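To start, I am sharing the structure in question, which I have written as structure tokens.
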Amino acid sequence: MNTQTSVLLLIALAVPAYADDIAMDDQSQILTGAGEPASSRYFQPPHESELPDNAYGKLVQEGRAIFVDTKNRAPEYVGNGLACANCHLEQGRKANSAPLWAAYTMYPAYRKKNNKVNSYAERLQGCFQFSMNGKAPEADGPVIAALTAYSYWLATGAPTGQELPGRAYPEVPKPEGGYDLVKGEQVYAAQCAVCHGPNGEGQKSGDDYVFPPLWGADSFNWGAGMHRINTAAAFIKENMPLGKGGTLSDENAWHVAAFMNSHERPQDPRLIDGSVEKTRDKYHANDGVNLYGEIVNGTMLGKGL
Amino acid sequence: MNIARWPLTGVLLAAFLPAHAADSMVVYTKGGANPAAMACITCHGAEGEGMAAAGFPRLAGLSAGYMRKQLADFASGARANPIMQPIAAALSAEEAEAVTAMLADKPGPEVERIGRTAAVEGPGETLALRGAWERNIPECVACHGPSGVGVGDAFPPLAGQSAQYLAAQLSAWRQGTRKNDPNDLMGHIARSLTDDEVKAVSAYFAGLTDQGAAR
């Protein structure tokens with residue numbers, strides 16, 4: 001461990017309230033240091049066995065079931081082959097994997113994405129429109145009720161309105177020389193294709209995806225947060241390969257994230273006047289690092305599927 | 001004429017001719033052309049169902065690609081096994097191709113599909129459907145599919161295998177005598193499991209039936 005890291009680690013340990021800010025800047029690995037038991041640093045959601053056997057417990061379990069098997073449990077709102085739990089690991093419990101317990105307590109909140117204050121229900125609706133490439137469940141309907149109950153239960157005892165450590169995917173610094181799609185393709189073939197398939201198509205058992213499709217018609221659309229290379233790099237670094245998070249280098253996480261997001265996927269539902277250029281200018285030009293509307297290998301991305 | 005459709009004819013032919021044309025049923029029931037390639041049926045059962053008590057695995061319904069890779073890995077030692085090593089080394093490529101294709105065409109076990117939506121009871125089912133993420137252990141079904149029915153060529157079925165076989169494989173990964181998984185995806189998990197967890201999760205998958213999990 002170098003001196004700079006040691007100092008930052010000490011700061012992070014001594015001043016927990018600032019730890020997340022530091023991680024968001026540039027030292028993401030601090031919050032995920034090897035050998036530290038999770039219980040000592042992150043909020044601990046309740047155990048499933050503690051759920052009461054009553055109407056509330058049943059609603060929470062229904063929310064959990066929707067979360068892990070979204071396509072079958074909320075089919076009218078899902079337009080692809082994904083489940084919430086594909087991006088929120090351990091059923092939305094895992095720190096640094098966008099856990100529900102850290103999200104629930106932060107709403108209502110202003111979001112640049114739609115330029116208004118969003119309720120938690122509206123935040124969930126956004127996931128369905130973009131990440132699930134579907135349509136928003138009714139705010140007062142059973143899907144939102146169940147997912148809200150599940151989130152609320154996971155956040156039992158968490159402070160309201162305080163950003164908790166482990167909320168996001170810890171940011172990964174962009175490689176100094178930028179990302180490299182060719183290197184990304186090599187990382188993909190060596191580390192990812194065994195599960196997600198040689199063409200990012202995922203793998204099924206029967207009718208159900210076991211390994212989610214990463215691009216193409218059954219994946220998230222161009223409006224999903226995961227289409228940002230920086231977001232995908234952070235997710236991948238922390239969580240992939242499944243069970244071996246943290247094993248890819250920062251550079252390779254960026255390369256392979258860029259490779260994944262340099263493929264065509266369903267259109268951004270906010271498409272303006274049928275124009276990729278206008279949509280890029282309004283929604284993508286200042287949205288992290290992304291390839292929507294950019295030309296890659298001679299083809300403009302963002303035309304949708 | 002497709003010889004594979006006429007197993008009895010194949011057996012009769014093989015009695016008189018050296019089996020260079022790799023008839024799958026001959027390989028399975030009589031062995032390969034090289035006498036060291038003993039008949040599969042001896043240990044894996046008449047229909048490839050395995051022999052649970054002895055820990056010999058089921059082969060019926062496994063993916064052909066998975067079985068071909070295992071044969072190659074037995075031969076090379078990446079999957080160390082004193083019984084299978086000489087057999088796999090003695091099988092010709094054509095024989096391995098034929099017999100794995102024949103076995104893959106057989107039906108897999110009939111089990112109720114249980115995924116992560118199900119409630120869990122006991123340590124085996126908890127590991128299978130929830131994982132142990134504080135040790136970076138994913139849900140078994142996250143890769144092996146609902147009820148561990150297997151996914152593609154790389155993630156073999158767990159349902160339909162005996163507890164003896166499953167526990168022996170987990171132990172082999174822990175000891176490093178089996179190290180033929182892609183990118184150590186299984187090895188790192190096996191090494192994080194306790195003895196009790198190995199027993200419990202092996203018993204869980206072995207106990208799955210068309211009526212669900214054994215209680």
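No lab work stands behind these numbers, since they all come straight from the coordinates. Just so it is clear, the structure is predicted and the values come from calculations on it, not from any experiment. As a convention, Cβ positions derive from the backbone with ideal geometry for all residues, glycine included, and neighbour counts pool all protein chains shown.
How fast does the range A:147-305 diffuse by Stokes-Einstein, in µm²/s, taking the Kirkwood radius from C-alpha pairs at 10 °C and 1.306 mPa s?
94 µm²/s
For chain B, what is one quarter of the convex hull surface built on the Cα atoms, given in nm²?
12.0 nm²
Taking the Cβ-Cβ separation of residue A:296 and residue A:110 as r and a Förster radius of 22 Å, what is the calculated FRET efficiency to the nearest 0.05?
My answer for the efficiency is 0.10.
Taking every residue in B:139-150, how many Cβ atoms of other protein chains lie within 10 Å of its Cβ, on average?
For this peptide, the per-residue mean of nearby foreign Cβ atoms is 4.
Over the range A:205-305, what is the relative contact order in whole percent, taking alpha-carbon pairs under 8 Å and six or more residues apart?
31 percent
Based on the Cα coordinates of the range A:48-154, what is the per residue volume of their convex hull in Å³?
Roughly 98 Å³ of hull volume per residue.
For the modelled label position 7 Å from the Cα of residue B:134 along Cα-to-Cβ, which residues of the range A:45-67 have backbone nitrogen atoms closer than 16 Å?
A:45-50
Checking the table A:113/A:135; A:71/B:199; A:237/A:278; A:58/A:112 against a 24 Å threshold on Cα-Cα, which pairs fail?
A:71/B:199; A:237/A:278; A:58/A:112
Now, a different point. Could you tell me what % of all Cα pairs in chain A have separations over 26 Å?
Distances greater than 26 Å cover 46 percent of the Cα pairs.
Continuing with this model, one more query. Between residue B:171 and residue A:50, what is the FRET efficiency for a Förster distance of 30 Å, r being their Cβ-Cβ separation, to the nearest 0.05?
Here the calculated transfer efficiency is 0.35.
Let me ask something else about it. Sequence gap at least 6, Cα distance under 8 Å: using those rules, report the relative contact order of chain B to the nearest whole percent.
The value is 19 percent.
Same structure again: Mind grabbing the base-10 log of I(q)/I(0) for the range B:122-206 at q = 0.12, 0.18 Å⁻¹? Debye formula, identical points on the C-alpha positions, no solvent, two decimal places.
The computed values of log10 I(q)/I(0) come out as -0.28, -0.69.
Calculate the all-directions average of the projected area of the protein assembly as shown's alpha-carbon convex hull, and give it in nm².
Averaged projected hull area, Cα only: 27.7 nm².
How large is the direction-averaged shadow of the alpha-carbon convex hull of the range B:110-165, in nm²?
4.4 nm²
If you don't mind, there's one more thing I want to ask. Going Cα to Cα from residue A:303, which aspartates and glutamates come in below 20 Å? Please leave out same-chain ones fewer than 8 positions away.
A:201, A:218, A:264, A:268, A:273, A:277, A:281, A:287, A:294
What is the sum of charges, Lys and Arg at +1 and Asp and Glu at -1, for the other residues whose Cβ falls under 12 Å from the Cβ of residue B:167?
Neighbour charge sum, excluding residue B:167 itself: -1.
To the nearest 0.05, what FRET efficiency results for residue A:305 and residue A:76 with a Förster distance of 25 Å applied to their C-beta separation?
0.75
Given 4 °C and 1.567 mPa s, compute D for the range A:262-303 with the Stokes-Einstein relation, Rh being the Kirkwood radius over Cα pairs; round to the nearest whole µm²/s.
125 µm²/s
What ranking of A:73, A:265, A:280 emerges when the number of other C-beta atoms within 10 Å of each C-beta is taken as an exposure proxy, fewest first?
Going from sparsest to densest Cβ surroundings: A:73, A:280, A:265.
A further question on this structure: How far apart, in nm, are the 7 Å Cα→Cβ label points at residue A:207 and residue A:160?
My value for the distance between the label points is 4.2 nm.
Between residue A:118 and residues 5 or more places away or on another chain, which pairs have amide H atoms under 5 Å apart, with H built 1.01 Å from N, and which residues are they?
Amide H neighbours of residue A:118: A:109, A:110, A:111.
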